[in-house]
Amino acid sequence: MCAALLVVACGHPAPTAPPQQPIARTADAAIDVTGPPLDQDLPRLAERSVHMMKDLLTAMQAAGTDCGVATQKVTAVADAYLDVTAASSKIAHAGHDRVKQLHEALAPYDAELDATAKLIAQAITASNCAGDAGFSHAFDRLSEGM
């Protein structure tokens, strides 16, 4: 799973796409603004990372083979978890020690994250929509650390 989260943290920039319609956040994606920045609260970042991966899996399972729907759902997940991707990116660029600390914070969730990542990779949406530019852009947003 650590590899999957590092993909989220260390992705490559995607081409610019047209603006998307705003999509409501899920209850799990609500951001707690009372605490320290997410990149400084690794236990909270780890928990939100788990929620993000589960929401991504749910989105892909709900979309099935409809790449348009998949693009909308994955975009909604990316929008809801901008704080997670930004914090992960910041940590990834902060050096080995911070990445190691993040790995340690994620360790209690490794089995759950590994299983979720495997299901995401096996989802029909992943294979059916991999060549769809809109879907690829939406999926890349999860790995950009915007």
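The values are calculated or read from the model by the stated rules, or taken from the named source; none is laboratory data. What you are looking at is a predicted structure, and each value in this text was computed from that prediction instead of being measured. Reconstructed Cβ throughout: ideal geometry from the backbone, glycine too, with neighbour counts over all protein chains shown.
Tell me, which helices (runs of 4 or more DSSP H) wholly within region 62-146 include 3 or more residues that are among the charged types (D, E, K, R)?
Ranges flagged: 96-106, 110-122, 133-144.
Please tell me if T58 is part of a loop (DSSP other than H, G, I, E, B) and either touching a residue at least 60 places away in the same chain (Cβ under 8 Å) or among the polar types (S, T, N, Q) (or both).
no
Tally time: how many residues in region 109-132 are more than 16 Å from the chain's Cα centre (by Cα) and surrounded by fewer than 13 Cβ atoms within 10 Å (Cβ to Cβ)?
Total satisfying the criteria: 5.
Mind listing whichever residues of region 37-46 are assigned to a helix (DSSP H, G or I) and over 12 Å from the mean Cα position of the chain (by Cα)?
Scanning region 37-46 gives L38, D39, Q40, L42, P43, R44.
Under 6 Å between Cβ atoms, at least 6 apart or on separate chains: pull out the pairs that start in region 75-101 with a residue that is touching a residue at least 60 places away in the same chain (Cβ under 8 Å) and end on any residue that is assigned to a helix (DSSP H, G or I) and among the acidic types (D, E).
The qualifying pairs are V77/D55; I91/D39.
It is to be established whether one or more residues within region 75-84 are of a type outside the set (K, R) and farther than 21 Å from P37 by Cα.
The answer is yes; a qualifying residue exists.
Against the definition (at pLDDT 95 or above and closer than 22 Å to A63 by Cα), how does A115 come out, yes or no? It would help to see each step written out before you state the result.
Details: at pLDDT 95 or above: yes; closer than 22 Å to A63 by Cα: yes.
Here the answer is yes, as A115 does meet what is asked.
To keep it simple, each residue is scored yes or no on (1) in contact with an Asp or Glu (Cβ under 9 Å, 6 or more places away or on another chain); (2) among the hydroxyl-bearing types (S, T, Y).
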{"site": "R98", "(1), (2)": "yes, no"}
{"site": "P108", "(1), (2)": "no, no"}
{"site": "E112", "(1), (2)": "no, no"}
{"site": "A115", "(1), (2)": "no, no"}
{"site": "A123", "(1), (2)": "no, no"}
{"site": "S127", "(1), (2)": "no, yes"}
{"site": "D132", "(1), (2)": "no, no"}
{"site": "F135", "(1), (2)": "no, no"}
